[in-house]
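For reference, the structure is listed below as structure tokens.
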Amino acid sequence: ELALDYLISHQRPNGDLYYRADGSVQPTFLWYYSHGLASIALCEAYGMSRDRQLQRPAQLALDFIMNSQEPDLGGWRYGPQFGSDTSVSGWQLMALKSGDLRFLLTDDSAGTLAYARRTADEALASRLDPADGSPPVDTVATFVEAWVRLPLFGAIPDAALGMEARRRGSAPGLAASR
């Protein structure tokens, strides 16, 4: 309860949950990591308790995420509408999914699912068919990118299907899932 009170008391009117304990207002690369994780905490707390006092702060946190999505690339980086980074975006996507599961309002008009699918496909493809000709690499990161993030949004990345087909020896390239 104290942790939730702390988050809510430091939330800005626009929904931003980033707070620097040193009092500085200068954002750092931690800004969006912190906001994504704190948003997940608020959404999950609201979902478990159905405490009406948590609904508005959780919704504001999600609104901040949706309003700060990079309009062209579709993801998030270290500041609002500034670039797209896989790890930062992953936390924002998880927060949006947490809110969606808690019946909070999330909006896919900016193409959140399309962004999630495209970036996972690109990440997997670069590991399966590296442009530099090096042997394909299956890593834990590949597994996490494909099988944790996207299934939460009801999708399987094309490249992940291609990876499985390659393991079976039935496809020379990437398989399509559509």
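Based on what the data block shows, is Ala110 assigned to a helix (DSSP H, G or I), at pLDDT below 85 and over 26 Å from Asp5 (Cα atoms)? Walk me through it before giving the result.
Numbers: assigned to a helix (DSSP H, G or I): no; at pLDDT below 85: yes; over 26 Å from Asp5 (Cα atoms): yes.
Spelling it out, it is not the case that Ala110 is assigned to a helix (DSSP H, G or I), at pLDDT below 85 and over 26 Å from Asp5 (Cα atoms).
Out of all the residues in segment 56-88, which are open to solvent by 60 Å² or more (accessible area, probe 1.4 Å) and under 19 Å from Leu7 (Cα atoms)?
The one that is open to solvent by 60 Å² or more (accessible area, probe 1.4 Å) and under 19 Å from Leu7 (Cα atoms): Arg56.
Determine, yes or no, whether Ser9 is among the small types (Gly, Ala, Ser) and without any contact (Cβ under 8 Å) to a residue 24 or more places away in the chain.
When the stated conditions are applied, Ser9 passes them.
Considering every residue within segment 43-51, establish whether at least one is modelled with pLDDT of 85 or more, in contact with a Leu (Cβ under 7 Å, 6 or more places away or on another chain), hydroxyl-bearing (Ser, Thr, Tyr) and part of a helix (DSSP H, G or I). Yes: one or more hits. If the condition is being assigned to a loop (DSSP other than H, G, I, E, B) and farther than 18 Å from Phe82 by Cα, then segment 1-24 contributes Glu1, Gln11, Arg12, Pro13, Tyr19, Arg20, Ala21, Asp22, Gly23, Ser24. Tyr32 meets all of the listed conditions (1) outside any helix (DSSP H, G or I); (2) among the hydroxyl-bearing types (Ser, Thr, Tyr); (3) in contact (Cβ under 8 Å) with a residue 60 or more places away in the chain but one, namely (1). Taken together, Tyr33, Tyr46 contain a single residue that is surrounded by 13 or more Cβ atoms within 10 Å (Cβ to Cβ), closer than 17 Å to Ser98 by Cβ, more than 17 Å from the chain's Cα centre (by Cα) and among the aromatic types (Phe, Trp, Tyr), which is Tyr46.
When you check Ser39 against the structure, is it within 20 Å of Leu105 (Cα to Cα), of a type outside the set (Val, Ile, Thr), buried (at least 17 other Cβ atoms within 10 Å of the Cβ) and touching a Pro at 6+ places or on another chain (Cβ under 8 Å), yes or no? It is false that Ser39 is within 20 Å of Leu105 (Cα to Cα), of a type outside the set (Val, Ile, Thr), buried (at least 17 other Cβ atoms within 10 Å of the Cβ) and touching a Pro at 6+ places or on another chain (Cβ under 8 Å).
The values are calculated or read from the model by the stated rules, or taken from the named source; none is laboratory data. This is a predicted model, so every value here is computed, not measured. Glycine also receives a Cβ, built like all others from the backbone with ideal geometry; neighbour counts cover every protein chain displayed. Surface areas here come from the heavy atoms of the whole protein model, side chains and all, with no ligands, DNA or RNA. Shrake-Rupley method; radii C 1.70, N 1.55, O 1.52, S 1.80 Å.
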